[in-house]
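Below is one structure, written out as structure tokens; comments come after it.
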Amino acid sequence: MQRFVTIGAIPVLVCSTFTSMASLILLLLFPDRASELGWGLWIRFGFFGLMAFSALGILAKRSESFTVEEIVANKIGGKVWAVLTMILILQICIHGYNSSDYPEVAPDESHHLIVAKNLAIHGRYASGNPKTGFKDFDSFDSVGPAVLSPIAFSFKLLGVGLWQGRLPIALFSIGLSLAFFALIRRAWGNQSAVLAALFVPCAFGSIYLSRTLYGEVPALFYFCCGLLLWRASLRYGWCCAYGFLAGLLLGCAILSKAILLLSAFAFLGAVVYDWMGPRRIKIVHC
């Protein structure tokens, strides 16, 4: 029973801290809007702040008796490699076939393609064109250089076209399956890792997002690779090198999809979880 209370206190701490801090940020940055809402934001800030401190107190009392079991993954056998290869072939067929015609180009995707084209041809990270003028670092660009630079390289190498622009996103999706497999395997074993790799092409909306120039798929790829390197920094001695690369990839993930900034609260939960058990996370890892 105590273990379930401890495990339950971690998500309470993460969610309550997020809600409390989000309310405080809204109060500080948008005081006019906050005054229209009355005391609602102040009540949320106080209530969820109290919840966060309560959860932290529960975790502090149980930290000494908390232990963490680590699952050691089996070696990757021939059957696992065969299934993983079939999943990758499935993704190549799904994401590579007729990518110039489906889906239709949306306005925001068109804008991203223009920026990548200007970067490849004119060396300008900008929207617009030479006749009407360029707009450098257009704020409408929501995917960032971590996504558009590979697109520009594809244009430079293969020529400018729709399938050339969408090809790197398909490769990001295939890489995401491999990253999910590597991330899940060591924690939950080969079977769970194969299922995780399969969920990438089969999840709702993944076909559309893997065939269009948006930031979700690259952001998840960078994020998973960053987590792999962060875990490596905890496991091996070269923590500074692995930690630097992990931070670089997590930064690319946030550039690709800014909402991943919210993952900071998940990292808070991971730090608290580690603080209660093996205590492997040091300041250098943060």
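The values are calculated or read from the model by the stated rules, or taken from the named source; none is laboratory data. All values reported here derive from a predicted model rather than from experimental measurement. All Cβ positions, glycine included, derive from the backbone under ideal geometry; neighbour counts span all protein chains shown. Each accessible area value is taken on the protein alone, full model and side chains, heavy atoms only, with ligands, DNA and RNA left out. Shrake-Rupley method; radii C 1.70, N 1.55, O 1.52, S 1.80 Å.
What to note about this one:
- Residue, nearest to Gly77 (Cα to Cα), within the range 188-208, restricted to residues that are surrounded by fewer than 19 Cβ atoms within 10 Å (Cβ to Cβ) and among the aliphatic types (A, V, I, L, M): Leu195
- Failed item in (1) closer than 18 Å to Ile89 by Cβ; (2) of a type in the set (A, V, I, L, M, F, W, C); (3) open to solvent by 20 Å² or more (accessible area, probe 1.4 Å), with Leu176 passing the rest: (3)
- For Ala60, the stated conditions do not hold, so it cannot be described as surrounded by 12 or more Cβ atoms within 10 Å (Cβ to Cβ), modelled with pLDDT of 80 or more and aliphatic (A, V, I, L, M).
- Hits in the range 248-268 (condition: within 24 Å of Cys15 (Cα to Cα), in a helix (DSSP H, G or I) and out of contact with any Phe, Trp or Tyr (no Cβ under 8 Å at 6 or more places or on another chain)): Gly251, Ile254, Leu255, Ala258, Ile259, Leu261, Ala264, Ala266, Phe267, Leu268
- Residue satisfying all of: in the range 87-138; touching a Gly at 6+ places or on another chain (Cβ under 6 Å) and open to solvent by less than 70 Å² (accessible area, probe 1.4 Å); nearest to Leu178 (Cα to Cα) among these: Leu113
- A count restricted to the range 183-215 and to residues that are assigned to a loop (DSSP other than H, G, I, E, B) and in contact (Cβ under 8 Å) with a residue 12 or more places away in the chain stands at 6.
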